[in-house]
Amino acid sequence: MAQILAPSIQWQVRIPKNSSMASPMATNMFSPVLWKQNKKGAAKRSAKFKVFALKSDDSTINRLDNLLNLDITPYTNSIIAEYIWIGGTGIDMRSKSRTISKPVEHPSDLPKWNYDGSSTGQAPGEDSEVILYPQAIFKDPFRGGNNILVICDAYTPAGEPIPTNKRHRAAQIFGNPKVAAEIPWYGIEQEYTLLQTDVKWPLGWPVGGYPGPQGPYYCAAGADKSYGRDISDAHYKACLYAGINISGTNGEVMPGQWEYQVGPSVGIEAGDHIWCSRYILERITEQAGVVLTLDPKPIEGDWNGAGCHTNYSTKTMREDRGYEAIKKAILNLSLRHKDHISAYGEGNERRLTGKHETASINSFSWGVANRGCSIRVGRETEQQGKGYLEDRRPASNMDPYVVTALLAETTILWEPTLEAEALAAQKVALKV
């Protein structure tokens with residue numbers, strides 16, 4: 001992100017009763033993407049279905065579209081709530097739907113629910129019930145009306161957070177009075193890669209081959225340089241509709257790779273918004289017949305990886321003479337480098353090589369306007385003597401609850417010894 005400006009006022013998305021909303025996303029809106037991808041070389045077993053689905057004048061498809069886009073608001077007070085949670089891998093997302101008798105305005109208005117944890121790798125078969133606690137609600141861009149998406153975290157029947165529930169610990173950190181007083185802001189840059197369905201090769205690339213070298217693709221336009229713009233644009237609008245604090249999007253350095261930014265967000269809200277935005281992206285790529293991957297290095301070789309750069313500031317950093325607080329935060333981050341790396345995503349060692357705009361995973365560095373460092377400070381922040389820092393280490397598959405909470409913990413709550421601080425200051429060339 002170029003700059004962290006101001007956070008959204010609301011911590012939770014509240015849905016006004018009987019709100020008037022635009023039509024949900026049409027199910028056939030992605031036909032240009034599908035046609036480009038499948039008009040040549042599609043596997044026989046799937047070609048018939050995909051071509052059939054593209055016939056917008058087909059009466060069966062039209063009838064299905066009519067039902068999917070049906071506005072039920074005039075006929076019932078009931079709404080559909082899509083309960084969303086993080087699965088057993090810690091990165092996969094699961095969801096299921098239930099009817100709620102009337103529109104709701106806050107997560108506390110929703111009932112808890114349960115699911116079969118043995119089918120998601122989160123509980124044994126003999127004691128498989130996992131309980132969902134609603135935590136944040138967003139408008140549903142797929143169903144429209146008063147229907148909602150519900151971000152949940154997961155607990156045992158005894159009320160203990162299960163191992164993949166990282167939100168619980170994050171909420172504790174953000175609930176600490178010392179952290180709350182600093183009003184931590186986050187701006188998260190989520191990179192992702194689009195893959196062709198049958199071959200799991202980047203969208204727009206020749207199957208089994210490679211496009212031209214990197215250079216023409218970043219923020220580019222044109223059929224020979226930009227692959228998947230319909231998906232990126234659809235996701236952008238769907239997030240705005242949902243109430244996600246999305247602030248921008250762009251094509252990335254590697255063709256078939258995109259980025260969007262969420263924030264500025266305050267505290268736990270950052271994680272809720274990133275997870276919901278990922279869910280919406282999964283649903284859109286599902287409709288488009290394209291595979292989404294958050295692998296931090298989807299293609300080996302001279303190609304950029306995919307990260308989740310996290311811009312961060314505290315109240316003290318944003319005030320006059322805040323640059324001293326930024327340098328102190330960098331010092332603390334240098335001392336806990338290994339702790340952060342271990343929490344910043346799976347497979348990150350394939351991405352953080354010291355090449356392709358990354359720092360080495362094995363060493364900590366910082367710099368002004370340097371994208372080859374662990375921590376980058378913007379030129380404007382240096383000039384104004386206040387602002388924010390950018391942690392460039394998180395992988396694209398990182399858990400935003402973990403990363404945002406760890407940044408707050410390390411820079412606000414954790415205090416190194418004076419000896420360790422002095423040695424670290426000398427090592428990373430910081431005068432604090």
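The values are calculated or read from the model by the stated rules, or taken from the named source; none is laboratory data. In this text the structure is predicted, and so the values were computed from the model without any measurement. Every residue, glycine as well, gets a Cβ built from its backbone with ideal geometry; the counts of neighbours run over all protein chains shown. SASA here: full protein model, heavy atoms, side chains in, ligands and nucleic acids out. Shrake-Rupley method; radii C 1.70, N 1.55, O 1.52, S 1.80 Å.
Couple of notes before you dig in:
- Being at pLDDT below 95 and under 30 Å from residue 158 (Cα atoms) is a property that residue 82 lacks.
- Pairs meeting the criteria (first residue in the stretch 236-248 and closer than 13 Å to residue 187 by Cβ, second residue surrounded by fewer than 22 Cβ atoms within 10 Å (Cβ to Cβ) and not aromatic (Phe, Trp, Tyr), beta carbons under 6 Å, at least 6 apart or on different chains) are 245/8; 247/261; 248/261.
- When residue 407 is tested against (1) assigned to a helix (DSSP H, G or I); (2) closer than 19 Å to residue 345 by Cβ; (3) open to solvent by 20 Å² or more (accessible area, probe 1.4 Å), only condition (3) is not met.
- Total residues in the stretch 319-361, condition open to solvent by 40 Å² or more (accessible area, probe 1.4 Å), part of a helix (DSSP H, G or I) and of a type in the set (Gly, Ala, Ser): 1
- In the stretch 203-238, residue nearest to residue 401 (Cα to Cα) [restricted to those that are part of a helix (DSSP H, G or I) and among the aliphatic types (A, V, I, L, M)]: 238
- Pairs with Cβ under 8 Å, 6+ apart, first in the stretch 317-330 and free of Cβ contacts under 8 Å to residues at least 40 places away in the same chain, second buried (at least 19 other Cβ atoms within 10 Å of the Cβ) and not in a loop (DSSP other than H, G, I, E, B): 325/316; 325/317
- Checked against (1) closer than 26 Å to residue 180 by Cα; (2) surrounded by fewer than 23 Cβ atoms within 10 Å (Cβ to Cβ), residue 313 passes all but condition (2).
- Restricted to strands (runs of 3 or more DSSP E) entirely inside the stretch 248-316, those with at least 3 residues that are farther than 22 Å from residue 373 by Cα and among the aliphatic types (A, V, I, L, M) are 290-293.
A quick yes/no check of all residues on (1) of a type outside the set (Ser, Thr, Tyr); (2) at pLDDT below 95; (3) within 20 Å of residue 389 (Cα to Cα):
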{"site": "151", "(1), (2), (3)": "yes, no, no"}
{"site": "160", "(1), (2), (3)": "yes, no, no"}
{"site": "175", "(1), (2), (3)": "yes, no, no"}
{"site": "179", "(1), (2), (3)": "yes, no, yes"}
{"site": "186", "(1), (2), (3)": "no, no, yes"}
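- Residue in the stretch 187-202 that is in a loop (DSSP other than H, G, I, E, B), without any contact (Cβ under 8 Å) to a residue 60 or more places away in the chain, open to solvent by 10 Å² or more (accessible area, probe 1.4 Å) and touching a strand residue (DSSP E or B) at 6+ places or on another chain (Cβ under 8 Å) present: yes
- Selected residue (only one of 369, 288 is more than 11 Å from residue 392 (Cβ to Cβ) and free of Cβ contacts under 8 Å to residues at least 40 places away in the same chain): 369
- Some residue of the stretch 252-273 being closer than 24 Å to residue 148 by Cβ, in contact with a His (Cβ under 6 Å, 6 or more places away or on another chain), modelled with pLDDT of 95 or more and open to solvent by less than 10 Å² (accessible area, probe 1.4 Å): yes
- When residue 357 is tested against the conditions (1) modelled with pLDDT under 95; (2) over 22 Å from residue 380 (Cα atoms), the lone failure is (2).
- Evaluation of residue 390 against the conditions (1) touching a residue at least 12 places away in the same chain (Cβ under 8 Å); (2) open to solvent by 10 Å² or more (accessible area, probe 1.4 Å); (3) within 22 Å of residue 260 (Cα to Cα) shows that the sole unmet condition is (2).
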